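All remarks here apply to the structure that follows.
The values are calculated or read from the model by the stated rules, or taken from the named source; none is laboratory data. From a predicted model like this one, the values you see are computed outputs, not experimental measurements. Note: ideal-geometry Cβ built from the backbone for every residue, glycine included; neighbour counts use all protein chains shown. Quick note on the areas: whole protein, heavy atoms, side chains included, nothing else; ligands and nucleic acids left out. Shrake-Rupley method; radii C 1.70, N 1.55, O 1.52, S 1.80 Å.
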Amino acid sequence: MNKVLIIEDEVSIREMLAFVLEQNGYHPLQAGSFQEAKEHLNVPYPSTVLLDWMLPDEDGIQIAKQLKQDEKTQHIPIIMLTARDEEEDKIKGLEVGADDYMTKPFSPKELIARIRAVHRRTMPSEIEDPIVEDGVLLDPVSHRVKVMGNPVDLGPTKFKLLHFFMTNPDRVYSREQLIAHVWDTNVYVENRTVDVQIRRLRKAIGKKSKMIQTVRGSGYRFSRVA
Ligand code: CA
C-alpha cells in the first residue's frame, strides 16, 4: 500500500488531494493539524508527506524540520504546499529539508508528477508507483489491478504480463520477447501459451481488452484505445 499523508487544514483542498491520489492508486491519509498527522506517522510509514505551509497548531516549516530530524521519519520525502509563490519561502522550505515545493493552485497531473519525481530521487528502488493508463490501474506494491475502479483478480503470470505491457506501452513485442521478459527463464514456454495468457488477460480486463492489440505477423502491443 503506497500511503501518502496529507497535512492540510483546509478541508476542500485536503479532500481534493485525497481524491486525486486515490484515482492514481495511492492510499491517502488525511490530517488537519500536526497533532492529527502524528497518528499516521508510524509503521508502515507513508511514502510521501504533502505538507501545508500554514497549519493551526504548528507551521509547516517547523513540522518539516522535526520530521527531517527524527531518524524514524527523515527518509520520507516532503512536498511543501503553499499559497504564496515566494522565492524566500521556497528556500526556507528546502533549507529545513523539504524535498520539493508546490504553489497552489496546481493541477492533479502536476501533483502526481511531483510525487513520482521525489520518489525517483529519494528512493529509486524501494517505491514503485502505481501505473494508470486510460482507466486501468496497476499497483506493483500491493499487486492490485483495477479497471474503471473495479478490482480485477489476476494470477501471477497475467499480472506480470500486464505490468510489462503497462511499463512498455506502444511497442510491439513478439511472443518470444514476451516470454523472455515475463516468464521464468528456466521454464520452456511455447508461443501458444502466450496467446492463451493474452486471451485470459483480455477477458479479465473486460471493457479495456482492446488496449491489448494483436499485431498481425508480429505479436502484441499495449496501447491506449484511439
Ligand atoms: Ca493552511
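Suppose R0 equals 35 Å; then what is the FRET efficiency for T103 and N168 from their Cβ-Cβ distance, rounded to the nearest 0.05?
For T103 and N168, the calculated efficiency is 0.55.
When the scattering of region 128-222 is computed by the Debye formula from its Cα atoms alone, each counted once and equally, what is log10 I(q)/I(0) at q = 0.12, 0.18, 0.20, 0.24 Å⁻¹?
Values returned for q = 0.12, 0.18, 0.20, 0.24 Å⁻¹ are -0.34, -0.78, -0.97, -1.38.
What number, rounded to the nearest 500 deg cm²/dmol, is the helix-based mean residue ellipticity at 222 nm of the chain, given -39500 (n - 2.57) per DSSP H run of at least four residues and division by all its residues?
-12000 deg cm²/dmol
What is the distance in Å between the Cα centroid of region 1-45 and that of region 185-226?
Each part's Cα centre sits 37 Å from the other's.
If I histogram all Cα-Cα distances within the chain using bins 5 Å wide from 0, what percent of pairs lands in each bin?
With a bin width of 5 Å, the distribution comes to 1, 6, 14, 16, 15, 12, 9, 9, 7, 6, 3, 1, 0.
Nearest 10 degrees is fine. How inclined is helix 156-167 to the longest principal axis of the chain, computing both from alpha carbons?
70 degrees
Of the residues I91, I76, I198, which exhibits the maximal mean-square fluctuation in a Gaussian network model of the chain defined by a 10 Å Cα contact cut-off?
I91
Test of the criteria: in region 83-175, which trypsin sites (Lys or Arg not before Pro) are in a DSSP loop and have at most 14 other Cβ atoms within 10 angstrom of their Cβ?
Loop-located and lightly packed - R84, R171.
So what is the accessible area of region 1-99 per residue, in Å², with the probe set to 1.4 Å?
Result: 49 Å² of accessible area for each residue.
Subtracting the Cα-Cα distance from 0.36 nm times the residue separation, let me have the gained length for L94 to S218 in nm, one decimal.
Stretched out fully, the L94 to S218 stretch lengthens by 39.6 nm.
Calculate how steeply helix 108-122 sits against the longest principal axis of the alpha-carbon atoms of the chain, using the helix alpha-carbon long axis, and give the answer as 0 to 90 degrees to the nearest 10.
With both axes taken from Cα atoms, the answer is about 90 degrees.
What is the extension gain from R84 to K65, computed as 0.36 nm multiplied by their sequence separation minus the C-alpha to C-alpha distance, in nm to one decimal?
4.9 nm
Within the P(r) computed for region 3-125, what percentage of the Cα pairs occupies the region above 23 Å?
Roughly 20 percent, once rounded to a whole number.
For the chain, find the longest principal axis of its Cα atoms and tell me its angle to the long axis of helix 191-205, 0 to 90°, nearest 10.
For helix 191-205, the angle is close to 50 degrees.
Among I76, I13, V132, whose Cα sits farthest toward the positive end of the charge dipole of the chain (+1 at Cβ of Lys/Arg, -1 at Cβ of Asp/Glu, about the Cα centre)?
Among I76, I13, V132, the one farthest towards the positive end of the dipole of the chain is V132.
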